[in-house]
1. Being farther than 17 Å from residue 184 by Cβ and in contact with a Lys or Arg (Cβ under 7 Å, 6 or more places away or on another chain) is the filter here; which residues of segment 130-153 pass it?
2. Report, by residue number, each residue of segment 140-157 that is under 13 Å from the mean Cα position of the chain (by Cα) and assigned to a helix (DSSP H, G or I).
3. When you go through (1) modelled with pLDDT of 90 or more; (2) assigned to a helix (DSSP H, G or I); (3) crowded, with 18+ Cβ neighbours inside 10 Å one by one for residue 118, which number turns out not to apply?
4. Under 9 Å between Cβ atoms, which residue pairs at least 6 apart in sequence (or on different chains) link something in segment 212-236 that is crowded, with 22+ Cβ neighbours inside 10 Å with a partner that is in a strand (DSSP E or B) and of a type in the set (Lys, Arg)?
5. Regarding residue 136, is this residue open to solvent by 10 Å² or more (accessible area, probe 1.4 Å), hydrophobic (A, V, I, L, M, F, W, C), modelled with pLDDT of 85 or more and more than 27 Å from residue 74 (Cβ to Cβ)?
6. Out of (1) of a type outside the set (Phe, Trp, Tyr); (2) within 24 Å of residue 208 (Cβ to Cβ); (3) modelled with pLDDT under 90, what's the single condition that is false for residue 100?
7. For the condition part of a helix (DSSP H, G or I), without any contact (Cβ under 8 Å) to a residue 24 or more places away in the chain and farther than 24 Å from residue 202 by Cβ, what is the one hit in 124, 109?
8. If you go through segment 73-92 one residue at a time, how many are of a type outside the set (S, T, N, Q), modelled with pLDDT of 85 or more and surrounded by 14 or more Cβ atoms within 10 Å (Cβ to Cβ)?
Amino acid sequence: MLKSLILLLGAVAAPLAAHAQDDAYMGQFNHAGRVISDIAGNAAVGQSIENRTGRSQDDARPGEADLTFRRYPKVTQLAREEIAAQTRKKSPEAARQFLHDTQHYDIAATLRRAGLSPNNLADAAAYHVGVYWAAVHRRAEPPAPAQMQGLRRQMVEVMRRRKPAALTEGVRQSIADELMLRAYSTEQMLRLLARQPDAQQAALVSRAARQQVQRTMGLDLADYDLTSAGLVPRAR
């Protein structure tokens, strides 16, 4: 299982040179990170979070029509197939494993357990970034619901400002599902590494997640704690 997940992240042979391993892990984070960047604007997330530090964060649910969508199983299936197709170019075995592992993965139930909506793009982005934060900080599990709620408020503020009304509901769900499916694969890796510790692989996953979020959102997650208020800069 661990080997297949490593292959899913892009590594097609082991051992690999250090820079090749880095590239393999970065592939897991690149596309989904660009999705958030395209919606939120490069570095806009970081600026928004910094600007709100120390201020109260009201629930931003009103006026989120541009972020919501109706959920259809067919869209989720298409998202799975697209990720598998990307993975298959490097490793048919990893693509098959991904399709097998995600066959019964319930995105809506996962979001609900985290206290998030299954029908909102900002909720999927919050969950995704929460898993990245867990990867950077080498946690075995995603953040708690209260932490996800704080992160959600931050995602809503940034995304709503960009008003992604031009995106159809189907595109919104497709983006949300890709974010969730990639988060799921990352969660599996983190949990396996917790059961089968491997310091080198854990370091690669942590570094890949950190660098990707730095590049796409202007945030260094290593400098943030995740609380019920969302991402909060650590005291220096």
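The values are calculated or read from the model by the stated rules, or taken from the named source; none is laboratory data. Only a predicted model underlies this, so the values are computations on that prediction, with no experimental measurement involved. Note that each Cβ is placed from the backbone with ideal geometry, even for glycine, and that neighbours are counted across all protein chains shown. Heads up: the accessible areas ignore ligands, DNA and RNA and are worked out on the full protein's heavy atoms, side chains in. Shrake-Rupley method; radii C 1.70, N 1.55, O 1.52, S 1.80 Å.
1. 136
2. 148, 151, 152, 155
3. Among (1) modelled with pLDDT of 90 or more; (2) assigned to a helix (DSSP H, G or I); (3) crowded, with 18+ Cβ neighbours inside 10 Å, the lone unmet condition for residue 118 is (2).
4. Close Cβ pairs satisfying both conditions: none exist.
5. On the way: open to solvent by 10 Å² or more (accessible area, probe 1.4 Å): yes; hydrophobic (A, V, I, L, M, F, W, C): yes; modelled with pLDDT of 85 or more: yes; more than 27 Å from residue 74 (Cβ to Cβ): yes.
So residue 136 fits the description; yes.
6. With (1) of a type outside the set (Phe, Trp, Tyr); (2) within 24 Å of residue 208 (Cβ to Cβ); (3) modelled with pLDDT under 90 applied to residue 100, the lone miss is (3).
7. Numbers: 124 fails: without any contact (Cβ under 8 Å) to a residue 24 or more places away in the chain.
Selected residue: 109, the only one of 124, 109 that is part of a helix (DSSP H, G or I), without any contact (Cβ under 8 Å) to a residue 24 or more places away in the chain and farther than 24 Å from residue 202 by Cβ.
8. Selection size over segment 73-92: 8.
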